[in-house]
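Q: Mind having a look at this structure? Questions to follow.
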Amino acid sequence: MSESMEMQVRKTYEQLMEAWNNRNAEAMAALFTAQGESIGFDGSLSKGPKEIYDHLHPIFKDHPTAPFVFKVKEVRLLGEKAAVLRAIAGMIPQGKSDIKPEVNTHHTLVVVKEESKWKIDVFQNTPAQFHGRPELVEQMTNELRELL
């Protein structure tokens with residue numbers, strides 16, 4: 001993959017995380033394709049920018065959502081107009097200074113190039129609980145703490 005394409009895909013993810021951290025449902029929804037899907041940490045599914053906005057707006061309005069700390073682990077090109085990005089992320093609860101390991105997550109994005117812009121077609125937010133393997137939770141948390 002060309003470096004510039006990888007950087008563009010990474011930038012799309014960074015914009016998604018920035019929108020989350022700023023609690024900006026409109027900016028998040030605008031990053032998705034018309035048929036884009038967002039699968040939340042709790043398994044909720046939203047399809048298309050309007051539904052994504054309608055799902056996120058009340059969450060941001062009524063709940064003090066924690067900001068993400070994140071690290072891109074891999075970007076893979078699937079042809080010239082599609083890519084997969086995989087990242088890990090953790091959250092720092094409001095008023096705290098450390099990551100809450102119970103809400104660590106794997107982020108997976110499928111992005112497609114529409115005209116000259118990368119858009120999110122699928123965003124999957126999967127809990128990284130590693131049932132029965134606390135050492136993996138600790139390993140991920142420590143990797144994310146290095147970013148603080």
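The values are calculated or read from the model by the stated rules, or taken from the named source; none is laboratory data. On a predicted model such as this, the values are computed, not experimentally measured, just so you know. Using ideal geometry, Cβ is built from the backbone for each residue, glycine included, and neighbour counts are taken over all protein chains shown. Calculation scope for accessible area: heavy atoms of the full protein, side chains included, ligands and nucleic acids excluded. Shrake-Rupley method; radii C 1.70, N 1.55, O 1.52, S 1.80 Å.
Q: Report yes if residue 12 is in a strand (DSSP E or B), open to solvent by less than 20 Å² (accessible area, probe 1.4 Å) and either of a type in the set (S, T, N, Q) or touching a Phe, Trp or Tyr at 6+ places or on another chain (Cβ under 8 Å) (or both), otherwise no.
A: Judged against the criteria, residue 12 is not a match.
Q: Would you pick out the residues in segment 81-100 that are over 26 Å from residue 118 (Cβ atoms) and touching a Leu at 6+ places or on another chain (Cβ under 9 Å)?
A: Scanning segment 81-100 gives 92, 97, 98, 99.
Q: Which one of these does residue 73 not meet: (1) open to solvent by less than 50 Å² (accessible area, probe 1.4 Å); (2) within 28 Å of residue 5 (Cβ to Cβ); (3) not hydroxyl-bearing (Ser, Thr, Tyr)?
A: Only one criterion is unmet by residue 73, namely (1).
Q: Further, regarding this structure: Residue 88 - would you say it is part of a loop (DSSP other than H, G, I, E, B) and either of a type in the set (A, V, I, L, M, F, W, C) or over 13 Å from residue 6 (Cα atoms) (or both)?
A: Taking the combined requirement at face value, the residue does not satisfy it.
Q: Still on this structure: Based on what the data block shows, is residue 137 touching a Phe, Trp or Tyr at 6+ places or on another chain (Cβ under 8 Å) and over 23 Å from residue 29 (Cα atoms)?
A: Judged against the criteria, residue 137 is a match.
Q: Could you please find all residues in segment 98-148 being exposed (fewer than 14 other Cβ atoms within 10 Å of the Cβ), assigned to a loop (DSSP other than H, G, I, E, B) and in contact (Cβ under 8 Å) with a residue 24 or more places away in the chain?
A: 98, 100, 147, 148
Q: Give just the number: which of (1) within 25 Å of residue 142 (Cα to Cα); (2) open to solvent by less than 50 Å² (accessible area, probe 1.4 Å); (3) in contact with a strand residue (DSSP E or B) (Cβ under 8 Å, 6 or more places away or on another chain) does residue 93 not satisfy?
A: (3)
Q: Follow-up question, since we're still on this one. Suppose the filter is assigned to a helix (DSSP H, G or I), out of contact with any helix residue (DSSP H, G or I) (no Cβ under 8 Å at 6 or more places or on another chain) and either buried (at least 17 other Cβ atoms within 10 Å of the Cβ) or of a type outside the set (Phe, Trp, Tyr) (or both); does residue 54 pass it?
A: When the stated conditions are applied, residue 54 passes them.
Q: While we're here: Collect the residues in segment 1-40 that are free of Cβ contacts under 8 Å to residues at least 60 places away in the same chain and of a type in the set (Gly, Ala, Ser), keeping them in residue-number order.
A: 2, 4, 19, 25, 27, 29, 30, 34, listed by residue number.
Q: If you scan segment 103-136, which residues turn out to be over 27 Å from residue 80 (Cβ atoms), touching an Asp or Glu at 6+ places or on another chain (Cβ under 8 Å) and modelled with pLDDT of 95 or more?
A: Answer for segment 103-136, where residues must be over 27 Å from residue 80 (Cβ atoms), touching an Asp or Glu at 6+ places or on another chain (Cβ under 8 Å) and modelled with pLDDT of 95 or more: there is none.
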